[in-house]
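Only one structure is covered here, and it is reproduced in the block below.
The values are calculated or read from the model by the stated rules, or taken from the named source; none is laboratory data. Model, not experiment: these values are computed from the prediction. A quick note on method: Cβ atoms are made from the backbone with ideal geometry, for glycine too, and the neighbour counts reach across all protein chains shown. Accessible surface is based on the protein model in full, side chains and every heavy atom, while ligands, DNA and RNA are left aside. Shrake-Rupley method; radii C 1.70, N 1.55, O 1.52, S 1.80 Å.
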Amino acid sequence: MLLGCLWVTAARAEAAWANGVIVKLKDEGGVQTPHRDQASRLTFASATRADMRLTGMALRHHLPYLEHRPTAFAAHVLRAGQPIPLAQAQAQAERLRRDPEVEWAIPNVIEKPAGAVAGSDPWFAWQTWLQPRDAGRLGVAGFPAAWHALETQALSQVVVAVLDSGVLPSPDLVGRFWPGYDFVSEVEYDRDGDGRDSNPQDPGDWLTAGEKAANPQLYGDCSVHDSNWHGLAVSSMLAANTDNNIDGGGILAPLSGPVVLPVRVAGICGAAVSDIVEGMLWAAGLAFQGSPTPNSHPARIINLSFGGSGSCDDTGVHDAAWLYRQTLSTLRSHGVLVVASAGNGEVPVGNAQPTRPASCPGVLAVTALHEQGFKASYANLVDSAHYAGLAVAGGDFDDHAIVTLSNSGTTRPDLNGDIPAGMAGTSFAAPTVAGVAALMLAVDPYLSVDELVTGLTSTALPHLSRTDGASLSMRDLPTCAAGVAMAQCYCDTASCGAGRLDALGAVHYALDQLGAHPNGTTAGWSGSSPSSSGSGGGGGGGGGAMDPSSLAVLAMLMWLTLIGGGKR
């Protein structure tokens, strides 16, 4: 019996928090910047001048921010040392937008993982999500048939970026990681004590009751929990070695050498939007203001098993949805496909739409099926009329988990603590689709993003209907209804995307496209490294602390604000 509780990604509005505000200043004189939507753009102002302008802006609006750092799109992340309720960050951003020096301001929302840990189970025999599709497993991708189709093919190297909580060394993952990076910018949440660095290892994301009680402001709505090793679980689904008599297997078993680029974006309480955006850009090999050493192994596939509440609609203002849309458009123009989990609703019912950024244009949204082929109880709906999406087994709470690698450490990792664990969540459906996309690129590395999405969605198997379920002696469940939050139900394209992922069909699509790319090019992607075609922008200098005088002024402002009851 599976144990554990679901991590809700579609957090209720009153429970959402933010790590400050992302602010873009206009050029001197109040002029909006030309080409301001380029992720790689740098601010023209000196660091000292930027400090002065940001300090003045904060004073004018009574914002108690003690530090800032540069980020993509020539903006800065401002924060006060602890998270604040999202409603408060939204109000602050609204005030900033009215400032003549501000081009746009966006709450730095904290996103949550879309998964649930469900305890340990016997190992390979329970790794049914990797096994052949049969009458009892109509929700799995059918990997053995796809692997067989690749046995005689010359396969190219692939890079799949996993933006998550980081990874751990494991005997079953030796030689499978590209050099990654840690983008968790807030030291208070990263557990490794130094903020951003070149080590993507997961130090643990536990939170004790004592820590939360001692600092309720810092930990906001974070629940008390043990370390979950979420990034390790997702990465091992893709990269675990096979035929080595260790643990289980991974989706990219036919490919030798490194396959996963670990990009750590999540700490104790989730992942800040600014860290996710920077992690995605860096993973694709794109430079931006404040970026670290360039990534020398740009990814063509990015897996993001995190999300948050709120739509990705264009409201005509600069908000988190706008920042996601700009970033995703930049990535797509460089041939990068983003695969995101659709999110999990309140147990035991999924929400009626995917979380953000799965709901954003250009993203392939993935919802979860029960292994038998109907919608998993918690999984959010994906209407293919509005979103590009697919469905595949993601585990459920009735002995049909996604069994993958975890660690026995409850706080910091146990270096000898590799264990199998049962998981459930759209977190674990997304890497299945990302893995199939990577197999397609291994066949034909010149597939464009449009071709990847077409290949995955056009070859998907039809969803099982209620009639199908009856003929197979499956459960008598209702039919999912578009726009209606439901638990387990039989899917259609209005509720679970284009269909059930078929790994063999997608691989055959890629094989068929080889003849269309005889010269190694496509209309959708030139084949050049994304890092070589960025629009300028310098790396280096993660910087961000204000000078002592600015800090003193803002510290006094914070004290006055706090003793005044937080009134504005």
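For region 336-362, name all the residues that are over 18 Å from the mean Cα position of the chain (by Cα) and open to solvent by less than 10 Å² (accessible area, probe 1.4 Å). If you could, list the steps in order and put the result at the bottom.
To start, the set of residues in region 336-362 that are over 18 Å from the mean Cα position of the chain (by Cα) comprises 346-352.
Gly350, the sole residue that qualifies.
Could you check region 326-367 and list, in sequence order, the residues that are part of a strand (DSSP E or B) and either within 23 Å of Asp396 (Cα to Cα) or among the basic types (Lys, Arg) (or both)? Talk me through it step by step, then tell me what you get.
Kept after step one, since they are part of a strand (DSSP E or B), are these residues of region 326-367: 337-341, 344, 356, 363-367.
Answer for region 326-367, where residues must be part of a strand (DSSP E or B) and either within 23 Å of Asp396 (Cα to Cα) or among the basic types (Lys, Arg) (or both): Val339, Ala340, Ser341, Asn344, Arg356, Leu364, Ala365, Val366, Thr367.
Quick check on region 363-375: of everything there that is over 21 Å from Ser329 (Cα atoms) and within 18 Å of the chain's Cα centre (by Cα), which residue is surrounded by the fewest Cβ atoms within 10 Å (Cβ to Cβ)?
Filtering region 363-375 for residues that are over 21 Å from Ser329 (Cα atoms) and within 18 Å of the chain's Cα centre (by Cα), the one surrounded by the fewest Cβ atoms within 10 Å (Cβ to Cβ) comes out as Thr367.
Checking Ala442 against (1) closer than 25 Å to Met474 by Cα; (2) touching a residue at least 60 places away in the same chain (Cβ under 8 Å); (3) among the small types (Gly, Ala, Ser), only one condition comes out false. Which one?
Failed condition: (1).
For the structure I just gave you, tell me whether Gly497 is in contact (Cβ under 8 Å) with a residue 12 or more places away in the chain and on the phi > 0 side of the Ramachandran plot. Walk me through it before giving the result.
Details: in contact (Cβ under 8 Å) with a residue 12 or more places away in the chain: yes; on the phi > 0 side of the Ramachandran plot: yes.
In short, yes.
Hey, any hits in region 315-324 for a residue that's at pLDDT 95 or above and either open to solvent by 10 Å² or more (accessible area, probe 1.4 Å) or closer than 30 Å to Ala74 by Cβ (or both)? I'd like the intermediate steps shown before the answer.
Going residue by residue through region 315-324, those that are at pLDDT 95 or above are none.
No; the residues of region 315-324 include none that is at pLDDT 95 or above and either open to solvent by 10 Å² or more (accessible area, probe 1.4 Å) or closer than 30 Å to Ala74 by Cβ (or both).
Which fully enclosed helices (runs of 4 or more DSSP H) of region 180-297 have 1 or more residues being open to solvent by 10 Å² or more (accessible area, probe 1.4 Å)?
Values: elements: 187-190, 209-214, 216-219, 230-239, 273-283.
Of the helices (runs of 4 or more DSSP H) lying wholly inside region 180-297, those with at least 1 residues that are open to solvent by 10 Å² or more (accessible area, probe 1.4 Å) span 187-190, 209-214, 216-219, 273-283.
Anything in region 189-220 that is charged (D, E, K, R) and closer than 29 Å to Trp282 by Cα? List them, or say none.
Taking region 189-220 and keeping what is charged (D, E, K, R), we get 190-192, 194, 196-197, 202, 205, 211-212.
Those that are charged (D, E, K, R) and closer than 29 Å to Trp282 by Cα: Asp190, Arg191, Asp192, Asp194, Arg196, Asp197, Asp202, Asp205.
I'd like to know if region 148-159 contains one or more residues that are closer than 18 Å to Pro292 by Cα, touching a Lys or Arg at 6+ places or on another chain (Cβ under 7 Å) and not basic (Lys, Arg). Please lay out each step first, then the result.
Of all residues in region 148-159, those closer than 18 Å to Pro292 by Cα come to none.
No; the residues of region 148-159 include none that is closer than 18 Å to Pro292 by Cα, touching a Lys or Arg at 6+ places or on another chain (Cβ under 7 Å) and not basic (Lys, Arg).
If you take the residues in region 122-155 that are part of a loop (DSSP other than H, G, I, E, B) and open to solvent by less than 10 Å² (accessible area, probe 1.4 Å), which one is nearest to Ala510 (Cα to Cα)?
Keep residues of region 122-155 that are part of a loop (DSSP other than H, G, I, E, B), which gives 122-123, 127, 131-142, 150-155.
Remaining after also requiring open to solvent by less than 10 Å² (accessible area, probe 1.4 Å): 127, 139-142, 150.
Values: Gln127: 26, Gly139: 22, Val140: 20, Ala141: 16, Gly142: 16, Leu150: 11 Å.
Within region 122-155, the match that is nearest to Ala510 (Cα to Cα) is Leu150.
Go through Val162, Val158 for me and flag whichever is open to solvent by less than 50 Å² (accessible area, probe 1.4 Å), over 12 Å from Arg264 (Cα atoms), modelled with pLDDT of 95 or more and outside any helix (DSSP H, G or I). Quick ask: steps written out before the conclusion?
Details: Val162 fails: over 12 Å from Arg264 (Cα atoms).
After applying the criteria, what remains is Val158.
Go through the residues of region 172-185 one by one and say whether even a single one is without any contact (Cβ under 8 Å) to a residue 40 or more places away in the chain and over 22 Å from Gly285 (Cα atoms). Talk me through it step by step, then tell me what you get.
Taking region 172-185 first, the residues without any contact (Cβ under 8 Å) to a residue 40 or more places away in the chain are none.
No, that holds for no residue.
Do the conditions hold for Leu369, that is, is it of a type in the set (A, V, I, L, M), out of contact with any strand residue (DSSP E or B) (no Cβ under 6 Å at 6 or more places or on another chain) and under 22 Å from Gly435 (Cα atoms)? Step through it out loud before you land on a result.
Working: of a type in the set (A, V, I, L, M): yes; out of contact with any strand residue (DSSP E or B) (no Cβ under 6 Å at 6 or more places or on another chain): no; under 22 Å from Gly435 (Cα atoms): yes.
So Leu369 does not fit the description; no.
Which condition breaks for Gly483 when tested against (1) surrounded by fewer than 19 Cβ atoms within 10 Å (Cβ to Cβ); (2) not in a loop (DSSP other than H, G, I, E, B)?
It fails just one condition, (2).
Applying the selection to region 84-106, what residues are of a type outside the set (Val, Ile, Thr), under 25 Å from the mean Cα position of the chain (by Cα) and open to solvent by less than 10 Å² (accessible area, probe 1.4 Å)? I'd like the intermediate steps shown before the answer.
Our first condition is that a residue be of a type outside the set (Val, Ile, Thr); within region 84-106, this holds for 85-101, 103-105.
From the residues that got through so far, the ones that are under 25 Å from the mean Cα position of the chain (by Cα) too are 85-90, 93, 104-105.
Of everything in region 84-106, those that are of a type outside the set (Val, Ile, Thr), under 25 Å from the mean Cα position of the chain (by Cα) and open to solvent by less than 10 Å² (accessible area, probe 1.4 Å) turn out to be Ala89, Ala93, Trp104, Ala105.
Are there any pairs, at least 6 apart or on different chains, whose C-beta atoms fall under 6 Å, with the first in region 425-439 and within 16 Å of Val449 (Cα to Cα) and the second open to solvent by less than 10 Å² (accessible area, probe 1.4 Å) and among the small types (Gly, Ala, Ser), and if so, which?
Pairs found: Val436/Ala503; Val436/Ala506.
Of the conditions (1) out of contact with any helix residue (DSSP H, G or I) (no Cβ under 9 Å at 6 or more places or on another chain); (2) at pLDDT 95 or above, Thr152 satisfies every one except a single condition; which number is it?
Thr152 satisfies all of (1) out of contact with any helix residue (DSSP H, G or I) (no Cβ under 9 Å at 6 or more places or on another chain); (2) at pLDDT 95 or above except (2).
Might you let me know whether region 454-472 holds any residue that is farther than 28 Å from Asp396 by Cα, in a loop (DSSP other than H, G, I, E, B) and open to solvent by less than 40 Å² (accessible area, probe 1.4 Å)?
So far as region 454-472 goes, no, none of its residues is farther than 28 Å from Asp396 by Cα, in a loop (DSSP other than H, G, I, E, B) and open to solvent by less than 40 Å² (accessible area, probe 1.4 Å).
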